[in-house]
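Visitor: Pasting in a structure now, in structure tokens, and then I'll have a few things to ask.
The values are calculated or read from the model by the stated rules, or taken from the named source; none is laboratory data. In this text the structure is predicted, and so the values were computed from the model without any measurement. With ideal geometry, Cβ positions are generated from the backbone for all residues, glycine too; neighbour counts draw on all protein chains shown.
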Amino acid sequence: MEREVYQYLLLAWFGVAACVFIALQFLTAPYGRHARAGWGPTIHRTAGWVIMESPAVIVFTACFLTSDRRQDPVAIAFLLLWLLHYVYRAFIYPFRLRGGQLRMPLSVVAMAFGFNVMNGYLQGRGLFTLGPARDASWFADPRFVVGLLLFLSGYALNQQSDIILRRLRAPGESGYRIPSGGAYALVSCPNYLGELVEWLGWAMLTWSPAGLVFFLWSAANLVPRARSHHRWYLEQFPDYPPERKAIIPWLY
């Protein structure tokens with residue numbers, strides 16, 4: 001029964017990703033530099049990030065702990081790679097943010113919370129229970145090797161880009177400056193590019209429908225937001241480097 005429900009949810013998740021991509025062509029999520037009134041009650045940004053990202057850790061880990069693959073080396077590798085990203089994103093990154101007492105709408109937190117619950121379930125149950133089990137020979141498969149290289153490269157790019165952004169502000173400062181260094185020489189949002197590369201790698205190294213839909217979801221969300229960031233930079237800074245693209249070097 002769960003397998004059938006899972007398949008329907010997975011198909012629906014592909015469809016919702018397409019709808020989100022279309023909607024974000026006309027709407028920019030109202031947090032960060034794009035914050036604006038009219039989206040209901042707000043919460044401190046740090047608390048918001050912890051609340052909305054923590055289900056990705058909790059749900060995915062629960063799927064692992066309740067499966068019969070807890071001793072499988074490949075399943076353990078999937079868990080560790082997932083936690084490498086999400087423990088940082090949920091419990092470290094929010095406390096490193098600078099920008100004073102910035103707030104974000106509870107509606108945005110609620111939507112992201114719901115996404116991470118569903119995505120954590122689809123990834124975790126698919127990889128640890130409902131999808132095919134993989135033995136240790138998977139570590140030598142080209143799909144895993146290339147996917148792992150992409151995942152780690154994207155993670156490193158995301159980390160480097162976050163560090164550059166964080167250093168633009170002194171503690172308590174809330175203004176914006178033009179970032180430079182690293183991949184900022186090429187694109188306005190290398191942190192988002194890093195995440196896209198990460199989740200493309202995840203889709204390859206897991207070789208799963210859930211991994212693919214997560215990559216598509218990431219692109220549906222991050223590509224329009226990168227375009228909004230890029231347009232904002234151009235509007236705010238007359239001297240913004242004209243050769244930069246939004247998220248894909250030399251192309252877009």
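Visitor: Confirm whether Ala170 is modelled with pLDDT under 95, over 14 Å from the mean Cα position of the chain (by Cα), surrounded by fewer than 16 Cβ atoms within 10 Å (Cβ to Cβ) and among the hydrophobic types (A, V, I, L, M, F, W, C).
Guide: yes
Visitor: Something else: Of all residues in the range 88-125, which are at pLDDT 95 or above and of a type in the set (D, E, K, R)?
Guide: If the condition is that a residue be at pLDDT 95 or above and of a type in the set (D, E, K, R), then Arg89, Arg125 are the ones that fit.
Visitor: In the set Arg177, Arg169, Arg143, which member is part of a loop (DSSP other than H, G, I, E, B), basic (Lys, Arg) and in contact (Cβ under 8 Å) with a residue 60 or more places away in the chain?
Guide: The unique qualifying residue is Arg169.
Visitor: Another one. Can you name the condition, by its number, that Phe144 falls short on among (1) in contact with a Phe, Trp or Tyr (Cβ under 6 Å, 6 or more places away or on another chain); (2) under 26 Å from Val213 (Cα atoms); (3) surrounded by fewer than 17 Cβ atoms within 10 Å (Cβ to Cβ)?
Guide: Unmet condition: (3).
Visitor: Another question, then. Would you mind telling me which numbered condition in (1) surrounded by fewer than 16 Cβ atoms within 10 Å (Cβ to Cβ); (2) hydroxyl-bearing (Ser, Thr, Tyr); (3) assigned to a loop (DSSP other than H, G, I, E, B) Thr28 fails?
Guide: Evaluating Thr28 over (1) surrounded by fewer than 16 Cβ atoms within 10 Å (Cβ to Cβ); (2) hydroxyl-bearing (Ser, Thr, Tyr); (3) assigned to a loop (DSSP other than H, G, I, E, B) leaves (1) as the failure.
Visitor: Output the number of residues of the range 190-205 satisfying the condition of being closer than 22 Å to Ala18 by Cα, of a type outside the set (Asp, Glu) and either outside any helix (DSSP H, G or I) or in contact (Cβ under 8 Å) with a residue 60 or more places away in the chain (or both).
Guide: Of the residues in the range 190-205, 2 are closer than 22 Å to Ala18 by Cα, of a type outside the set (Asp, Glu) and either outside any helix (DSSP H, G or I) or in contact (Cβ under 8 Å) with a residue 60 or more places away in the chain (or both).
Visitor: Mind checking which residues of the range 92-113 are within 16 Å of the chain's Cα centre (by Cα) and under 24 Å from Ile163 (Cβ atoms)?
Guide: Within the range 92-113, Ile92, Tyr93, Pro94, Ala112 meet the criteria.
Visitor: What about Ser137, is it over 30 Å from Tyr233 (Cα atoms), in a helix (DSSP H, G or I) and out of contact with any Phe, Trp or Tyr (no Cβ under 8 Å at 6 or more places or on another chain)?
Guide: Here the answer is yes, as Ser137 does meet what is asked.
Visitor: Then there is this: Here is a check on your reading of the model: is Gly114 among the small types (Gly, Ala, Ser) and touching a helix residue (DSSP H, G or I) at 6+ places or on another chain (Cβ under 8 Å)?
Guide: Spelling it out, it is not the case that Gly114 is among the small types (Gly, Ala, Ser) and touching a helix residue (DSSP H, G or I) at 6+ places or on another chain (Cβ under 8 Å).
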